[in-house]
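Student: Encoded as structure tokens, here's the structure I'll be asking about.
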Amino acid sequence: MAGQGVRRPPRATAAGSAVLLAVVLAAATGCAQEPPPRTRFPEVQRMLDARARAVRQHDEAAFLASVDPVRPGYRDRQRRAFRTLRELPLAGWRYDLVATDAFPLASGGNAMAAKVELRYRIEGFDAEPVTSVQYLTLTRTAGRWRIASDDEGAASGYTGTRQLWDQGPVAAVRGRHALVLGDAGDRGRLTDLARRADAAVPAVTAAWKGRWSGQVVIEAPGSVAGMAQLLGSGDPSAYAGIAAVTTGEAGARAKAPADRVIVNPEAYADLNDAGRAVVLSHEITHVATRTATTGDTPLWLSEGFADWVAYRGKRHAAAAAAPELTRALATGHPPHRLPVDADFGFTGGAARLAKAYESGWLACRMIADTWGEAKLRAFYRAAGGVPAGEGHAGPGVRPGSPSPSPSSRAGGGAPPGAGPSAGAASGGDDSRGGGADGTGRRVVGGHPAARAPGAVDDRRTAVRNARLDTAFRSQLGLSTGEFTKKWRAYLKSALT
């Protein structure tokens, strides 16, 4: 309900008894539902609709008409953002008002703390819209609502997502399979990313064998702070050392959602040539496998499969690509179980994280070596509860052509001298839509955001484990425990 974030005139009190009767009847029947914000504040939604129409029609004057004229600094930033947007191949752009008391307001007067969802698509790349949350301060002057700020909520932790065009001038470099958006002052880096992505997409398609759009959008912000803003975070330090992440919605759907591979300019620059190739192939694999990756897919499988694809066909000794596991074996501390999702978090330290990635990679490599690549792909789908032949086709995809999905990783597992490959991010944000598990949550790092512990979570874990064991038995002919025993022996033979 609208509250502290918006001031409204008092309602008329005439016919109070009739109003009271209506309230009593509504409570008794359980049918009382407050209309959505866009219905209760149609003038605000109309302003947002006009703003979206101005973007689609390249009308700068109409776009700036939605901005409070007494905020010249914000107005100038909006003008620059609009001029950047004109350079992008947009296929859709709309705003929806979803809340009117979204954060505490410091400003007084006739103001509203609005939560707004931006949905947009890039022509030729996005089959479904990208959804971005914005926290906007709206002011009402001269009978009109306008946008006065997009950062007032940050002090209370409501940062929203600041897209690239909100951060500064953006350039777009288009390759055969990729569109790279990034800092306009570093076009050479964007061109190099497009070239590498164009090489990675066919290799990912050959390994996955599923149909997908074969197109990927890569965002290359100019700083780690910019990367954090793209991920809706106010803490850039959380992404230090993470070369890249991929965001999107998990779960098999008739239409694959739009994903974004987001590159950390600092960590990615520290990688050697082979390391950069591994990172992009890993992330693009998450895009390709998005619709087959659900809440039931264990992280060791989604991240391990992405690494298996990235290393597929490359000549790297297992011990060199898995240094942490090699050290653990040499010191008599081999892993006794497959990694659990918690092992992919940051709290356990870099060594634990690296071992989790290396363990997942070698588990997938063992399946491919022992049962064949087709069985590995079938096992991946079965573990996520996706029927064979499903969960790998996006909307409007061409048969036999490559589609959009998530990931990240840090620490070892990269070719010698590559440095950290990417970073396993365990965060995410609740969003519209929904994966096959019905959560509707976005993923960062190849998996839905972790739930709070509790009885429901315990039941969910039990269901996931049972589904995984069924996948092992149906696809590989052995139980989870038998597979783990075989995997431990495989580690010893591969790494020593």
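Student: Aspartates and glutamates within cross-link reach of LYS375: Cα-Cα under 16 Å, excluding same-chain residues under 8 positions apart?
Tutor: LYS375 reaches GLU390, ASP469.
Student: Could you work out the local net charge near ALA319, counting Lys and Arg as +1, Asp and Glu as -1, over the other residues with Cβ closer than 14 Å to its Cβ?
Tutor: +3
Student: If the limit is 22 Å between Cα atoms, which of LYS314/LYS355; LYS209/LYS355; LYS355/LYS486; LYS355/LYS485 go over it?
Tutor: Table pairs above 22 Å Cα-Cα are LYS209/LYS355.
Student: Between THR331 and ALA206, what FRET efficiency comes out of the Förster formula 1/(1 + (r/R0)^6) with R0 = 45 Å and r the beta carbon distance, rounded to 0.05? Walk me through the intermediate numbers first.
Tutor: Working: r = 38 Å, r/R0 = 0.84.
Here the calculated transfer efficiency is 0.75.
Student: Cα centroid distance between segment 225-241 and segment 29-92, in Å?
Tutor: Rounded to whole Å, the Cα centres lie 26 Å apart.
Student: Residues with beta-carbon under 14 Å from that of ASN272, excluding ASN272: net charge, scoring Lys, Arg +1 and Asp, Glu -1?
Tutor: Numbers: positive: ARG196, ARG276, LYS314; negative: ASP192, ASP270, ASP273.
Combined, the nearby Lys, Arg, Asp and Glu give 0.
None of the figures in this text is laboratory data; all of them are computed from the coordinates on show. The model shown is predicted, which means the values in this text are computed figures rather than measured ones. Positions of Cβ are generated from backbone atoms using ideal geometry, with glycine treated the same way; all protein chains shown enter the neighbour counts.
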